[in-house]
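Following: one structure in structure tokens, then a few remarks.
The values are calculated or read from the model by the stated rules, or taken from the named source; none is laboratory data. Only a predicted model underlies this, so the values are computations on that prediction, with no experimental measurement involved. When we count neighbours, we look across all protein chains shown, and the Cβ atoms used for this are built from the backbone with ideal geometry, even at glycine.
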Amino acid sequence: MRIALSLTALALLAGCAVVPPEALTYDPHHPKPRQSAPIEEVAALTDRVAQLQIERNEVRARISAEQDIWVRQDLYSRLHSVGRELSPLERRLATIAASR
């Protein structure tokens with residue numbers, strides 16, 4: 001019986017660990033306003049995303065053409081850093097686009 005109770009308590013605690021705090025205070029009658037941005041900011045964000053996408057494609061092309069494995073490893077690290085910069089910008093742009 002102790003094992004069943006402790007496993008149930010552990011499962012309950014594990015479930016609470018993955019629920020974001022916003023889910024506990026969400027009110028469907030008063031949703032949060034959608035995120036928006038001025039057109040100048042959206043244009044600058046779009047330009048930066050386009051630049052990073054072009055850079056990502058260039059690095060991918062260099063990776064596919066490179067024969068030396070050590071040079072490819074450096075290119076993969078560059079690709080990763082471009083992706084880390086690009087990903088949050090794409091998410092922000094998608095959030096703004098969804099609110100329009």
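Under the condition of being β-branched (Val, Ile, Thr) and surrounded by 14 or more Cβ atoms within 10 Å (Cβ to Cβ), which residue from the stretch 78-100 is farthest from Glu41 (Cα to Cα)? The residue in question is Val82.
Being modelled with pLDDT under 95 and of a type outside the set (A, V, I, L, M): is that true of Arg100 here? Against the criterion (modelled with pLDDT under 95 and of a type outside the set (A, V, I, L, M)), Arg100 qualifies. Checking each residue in the stretch 22-39 for being over 21 Å from the mean Cα position of the chain (by Cα) and either surrounded by 10 or more Cβ atoms within 10 Å (Cβ to Cβ) or within 30 Å of Leu79 (Cβ to Cβ) (or both) picks out only Tyr26. Filtered by the rule that a residue be at pLDDT 80 or above and part of a loop (DSSP other than H, G, I, E, B), the stretch 31-46 gives a lone residue, Pro38. No other residue among Ala4, Ala37, Ala11 is within 30 Å of Ala97 (Cβ to Cβ), out of contact with any strand residue (DSSP E or B) (no Cβ under 7 Å at 6 or more places or on another chain) and among the aliphatic types (A, V, I, L, M) apart from Ala37.
Of all residues in the stretch 44-77, those satisfying the criterion of being among the hydrophobic types (A, V, I, L, M, F, W, C), within 20 Å of the chain's Cα centre (by Cα) and exposed (fewer than 12 other Cβ atoms within 10 Å of the Cβ) are Ala50, Ile54. Scan the stretch 47-100 for residues that are within 18 Å of Gln35 (Cβ to Cβ) and not in a helix (DSSP H, G or I) and jot them down. Scanning the stretch 47-100 gives a single hit, Arg100.
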